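To start, the structure under review is shown below, and the notes come after it.
The values are calculated or read from the model by the stated rules, or taken from the named source; none is laboratory data. These figures come from a predicted structure and were not determined experimentally. Quick reminder, even Gly has a Cβ in these numbers, built from the backbone with ideal geometry, and neighbours come from all protein chains shown.
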Amino acid sequence: MSKQPRAGGEEILECQVMWEPDGKKNTQMDRFRAAVGAACGLALENYDDLYHWSVESYSDFWAKFWKFSGIIFSRMYDEVVDTSKGIADVPEWFRGSRLNYAENLLRHEENDKVALYAAREGEEEIVKVTFEELRQQVALFAAAMRKMGVKQGDRVVGYLPNGVHAVEAMLAAASIGAIWSSTSPDFGVNGTLIQHLKEHILHGNMNSSDTLLYYTTVGWMMWNWMVSALATGAALVLYDGSPLVPTPNVLWDLVDRLGITILGTGAKWLAVLEEKDLKPMETHSLQTLHTVLSTGSPLKAQSYDYVCRCIKSSVLLGSISGGTDIISCFMGQNFSVPVYRGEIQARNLGMAVEAWNEEGKAVWGESGELVCTKPIPCQPTHFWNDENGSKYRKAYFSRFPGVWAHGDYCRINPKTGGIVMLGRSDGTLNPNGVRFGSSEIYNIVEAFEEVMDSLCVPQYNKDGEERVLLFLKMASGHAFGPDLVKSIRSAIRRGLSARHVPSVILETKGIPYTLNGKKVEVAVKQVIAGKAVEHRGAFSNPDTLDLYRDIPELRDF
């Protein structure tokens with residue numbers, strides 16, 4: 001079996017091991033590896049062997065996992081995927097199959113087992129819903145939707161807090177065959193079930209004895225990811241509120257109260273706890289907790305130290321990374337390999353992920369563009385209102401023809417197989433995992449008569465953390481000042497959310513544009529990062545780029 005090269009150009013320092021598998025080799029990943037080896041006559045000695053087989057023989061991999069996961073279907077597929085087609089061709093997966101997403105999530109046979117716990121900020125009461133009760137409520141929701149005329153292919157949007165009704169409505173819509181969205185209509189749908197099962201069962205080693213709390217809103221992709229865990233028989237804890245109110249220990253309180261085994265959150269929350277010098281290890285039992293997951297932004301190396309030192313030394317700290325586009329992960333937690341300080345453990349099975357340089361060549365131990373070179377069942381099939389697919393192709397395949405470019409920079413360690421995320425490589429804003437476009441900010445800011453023009457770009461620090469910067473070009477006769485900044489912050493918070501509010505708002509005397517009238521965001525981001533900008537001749541006012549170089553207010557991030 002051929003393997004990708006392990007040599008890299010940059011020196012890779014020896015990484016500190018923070019967690020290691022117990023050596024029993026009795027995880028669901030181990031059982032799957034053994035089953036594949038026996039069925040295919042392969043000597044798959046470790047996760048690395050299994051991973052490389054899964055991306056080289058991806059059709060066989062997904063077929064084997066379909067069987068292993070026990071997916072419920074009414075019609076078996078005729079073909080897993082046409083392997084003559086590449087990822088840019090968006091091949092059809094599991095052609096001819098028929099299944100129901102909701103049926104698979106509600107398949108757990110222990111009717112009296114709790115499926116959902118719902119907790120709200122500042123309230124003592126916790127609502128419990130069993131699997132039987134959840135099935136009944138989903139049926140009632142679905143009947144009501146059908147009575148309203150909802151049918152297969154219709155769109156159902158939920159404007160709901162993270163509670164029981166959100167899960168019931170989502171599963172009801174899915175049971176009908178309607179398309180569910182939760183205020184963010186950019187989630188992929190094809191292949192979501194099998195992809196999530198792979199991540200929960202194999203990578204998370206999740207089963208019916210687990211209780212999962214992922215701190216998320218209904219509008220974040222991680223909510224959809226979390227709800228899919230019902231298919232394993234695990235219980236979900238739905239928390240509606242701030243993770244810092246009434247105290248910064250509110251989630252740890254729930255861990256002890258409900259016996260939570262898997263806690264998921266954003267990297268920023270862990271950093272905030274460290275800043276507050278919280279030590280849950282000293283104030284809580286955390287006896288049931290075996291996994292802490294982090295996503296939304298790169299997890300700083302010092303956060304690994306903090307979790308080990310102040311939360312629980314034996315916990316698996318799984319930094320996971322993927323995207324709203326695929327509504328899942330390219331890489332993440334893994335009970336079969338060690339956790340190294342500052343690194344995501346491994347690339348996920350079936351995800352042919354590499355880091356490519358500007359010439360379109362894979363690099364190891366060097367920073368590069370995160371790409372996926374082979375088809376995956378969870379990629380979006382198309383964009384709405386993009387009849388000829390031009391926007392879709394531009395979004396993912398314009399950088400490297402025929403290869404998915406995800407818009408992230410990363411570095412793959414050739415010694416450990418771990419991945420370090422280095423931030424966004426395009427102009428998309430993604431602070432703390434809340435992904436949005438600059439146009440959302442412009443629509444609000446440029447409604448102010450004081451503002452002639454504006455520019456919204458990200459800035460990254462050495463740890464890969466992102467913050468949003470907003471530059472304002474003032475209209476004639478108006479001055480930049482703290483009152484205007486306060487008004488703009490309030491307008492963005494009111495019109496979008498608190499998470500959209502830029503960290504820094506500054507005045508600028510000029511905003512660069514291309515010759516065809518587009519704001520130049522990516523080039524400004526490069527200038528702020530101290531990088532040279534090529535092809536300045538493509539800009540109508542290239543001298544304005546220099547206004548963004550070495551700005552004093554941006555030096556200490």
- Restricting region 518-545 to residues that are more than 22 Å from TYR442 (Cα to Cα) and part of a helix (DSSP H, G or I), the residue that is modelled with the highest pLDDT: ASP543
- Query: Filter region 398-413 for residues that are more than 19 Å from the chain's Cα centre (by Cα) and buried (at least 19 other Cβ atoms within 10 Å of the Cβ); which is farthest from TYR51 (Cα to Cα)?
  - Reply: ARG399
- Task: Output the residue which, of all residues in region 449-476 that are in contact with a Lys or Arg (Cβ under 9 Å, 6 or more places away or on another chain) and of a type in the set (Ser, Thr, Tyr), is modelled with the highest pLDDT.
- Result: SER454
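Within region 481-489, does at least one residue satisfy the condition of being modelled with pLDDT under 95 and among the acidic types (Asp, Glu)? Break it down stepwise before answering.
Our first condition is that a residue be modelled with pLDDT under 95; within region 481-489, this holds for none.
Scanning region 481-489 turns up no residue that is modelled with pLDDT under 95 and among the acidic types (Asp, Glu).
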- Task: Kindly provide the set of residues from region 476-501 that are hydrophobic (A, V, I, L, M, F, W, C) and surrounded by fewer than 13 Cβ atoms within 10 Å (Cβ to Cβ), ordered by number.
- Result: ALA479, ALA498
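Please determine whether any residue of region 86-93 is modelled with pLDDT of 95 or more, acidic (Asp, Glu) and either more than 26 Å from the chain's Cα centre (by Cα) or closer than 21 Å to THR211 by Cβ (or both). Walk me through how you get there before you give the answer.
Going through region 86-93, the residues modelled with pLDDT of 95 or more turn out to be 86-93.
Okay, now just the ones that are also acidic (Asp, Glu), so 89, 92.
With the extra rule that they be either more than 26 Å from the chain's Cα centre (by Cα) or closer than 21 Å to THR211 by Cβ (or both), the set shrinks to none.
There is no residue in region 86-93 that is modelled with pLDDT of 95 or more, acidic (Asp, Glu) and either more than 26 Å from the chain's Cα centre (by Cα) or closer than 21 Å to THR211 by Cβ (or both).
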- Expected single match for touching a strand residue (DSSP E or B) at 6+ places or on another chain (Cβ under 6 Å) and modelled with pLDDT of 95 or more among LEU286, LEU316, LEU299, LEU349 is LEU316
- Query: Among GLY530, GLY510, GLY464, GLY477, which is the only one that is in contact with a Gly (Cβ under 7 Å, 6 or more places away or on another chain) and assigned by TED's automatic domain parsing to the domain that holds SER438?
  - Reply: GLY464
- Lone unmet requirement of (1) over 24 Å from ALA523 (Cα atoms); (2) in contact (Cβ under 8 Å) with a residue 12 or more places away in the chain; (3) of a type outside the set (Phe, Trp, Tyr) for ASN388: (2)
- Message: Here's a check for you: in region 331-345, which residue that is buried (at least 24 other Cβ atoms within 10 Å of the Cβ) and of a type in the set (A, V, I, L, M) is nearest to ALA63 (Cα to Cα)?
- Response: MET331
- Exclusive hit being acidic (Asp, Glu) and at pLDDT 95 or above, set GLU354, GLU359: GLU354
- Message: Can you tell me how many residues within region 90-123 are free of Cβ contacts under 8 Å to residues at least 60 places away in the same chain and closer than 24 Å to GLN379 by Cβ?
- Response: 5
- Index of the failed condition, PRO401 passing every other in (1) in contact (Cβ under 8 Å) with a residue 40 or more places away in the chain; (2) touching a Phe, Trp or Tyr at 6+ places or on another chain (Cβ under 8 Å); (3) of a type outside the set (S, T, N, Q): (2)
- Query: (1) among the charged types (D, E, K, R); (2) crowded, with 16+ Cβ neighbours inside 10 Å; (3) in contact (Cβ under 8 Å) with a residue 40 or more places away in the chain; (4) more than 24 Å from GLY368 (Cβ to Cβ): which one isn't true of GLU450, the others all being true?
  - Reply: (3)
- Message: Suppose we keep only residues that are more than 20 Å from HIS52 (Cβ to Cβ) and among the aromatic types (Phe, Trp, Tyr) within region 360-396. Which one would you say is surrounded by the most Cβ atoms within 10 Å (Cβ to Cβ)?
- Response: TYR396
- Query: Out of all the residues in region 337-365, which are closer than 19 Å to GLU20 by Cβ and in contact with a Lys or Arg (Cβ under 8 Å, 6 or more places away or on another chain)?
  - Reply: GLY342
- Are there any pairs, at least 6 apart or on different chains, whose C-beta atoms fall under 6 Å, with the first in region 546-557 and outside any helix (DSSP H, G or I) and the second loosely packed, with under 15 Cβ neighbours inside 10 Å, and if so, which? PHE557/ASN461
- Message: Cβ-Cβ under 6 Å, sequence separation 6+ or interchain: first residue in region 63-84 and under 27 Å from SER208 (Cβ atoms) and in the same structural domain as HIS200 (by TED's automatic domain parsing), partner assigned to a helix (DSSP H, G or I) and not β-branched (Val, Ile, Thr). Which pairs?
- Response: PHE65/LYS198; PHE68/PHE32; SER69/LEU197; ILE72/GLU103; ILE72/ASN104
- Task: Would you mind finding the one in GLY437, GLY402, GLY407 that is closer than 28 Å to GLU343 by Cβ and among the small types (Gly, Ala, Ser)?
- Result: GLY407
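Yes or no, residue by residue, for (1) modelled with pLDDT under 95; (2) of a type in the set (Asp, Glu); (3) outside the structural domain of SER242 (by TED's automatic domain parsing); (4) more than 26 Å from the chain's Cα centre (by Cα):
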| site | (1), (2), (3), (4) |
| --- | --- |
| GLU125 | no, yes, no, yes |
| ARG146 | no, no, no, yes |
| GLY158 | yes, no, no, no |
| GLU168 | no, yes, no, no |
- Restricting the search to region 397-448, which residues are at pLDDT below 95 and hydroxyl-bearing (Ser, Thr, Tyr)? SER398, TYR409, SER425, THR428, SER438, SER439, TYR442
- Item | Unmet criterion (only one of (1) surrounded by fewer than 20 Cβ atoms within 10 Å (Cβ to Cβ); (2) under 16 Å from the mean Cα position of the chain (by Cα)) for SER328 | (1)
- Residue count, region 462-475, condition in contact with an Asp or Glu (Cβ under 9 Å, 6 or more places away or on another chain) and surrounded by fewer than 16 Cβ atoms within 10 Å (Cβ to Cβ), comes to 1
- Item | Residue match in region 221-229 (condition: over 15 Å from the mean Cα position of the chain (by Cα) and closer than 21 Å to GLU103 by Cα) | yes
- Message: Of the conditions (1) within 19 Å of GLY266 (Cβ to Cβ); (2) in contact with a helix residue (DSSP H, G or I) (Cβ under 9 Å, 6 or more places away or on another chain), TYR304 satisfies every one except a single condition; which number is it?
- Response: (2)
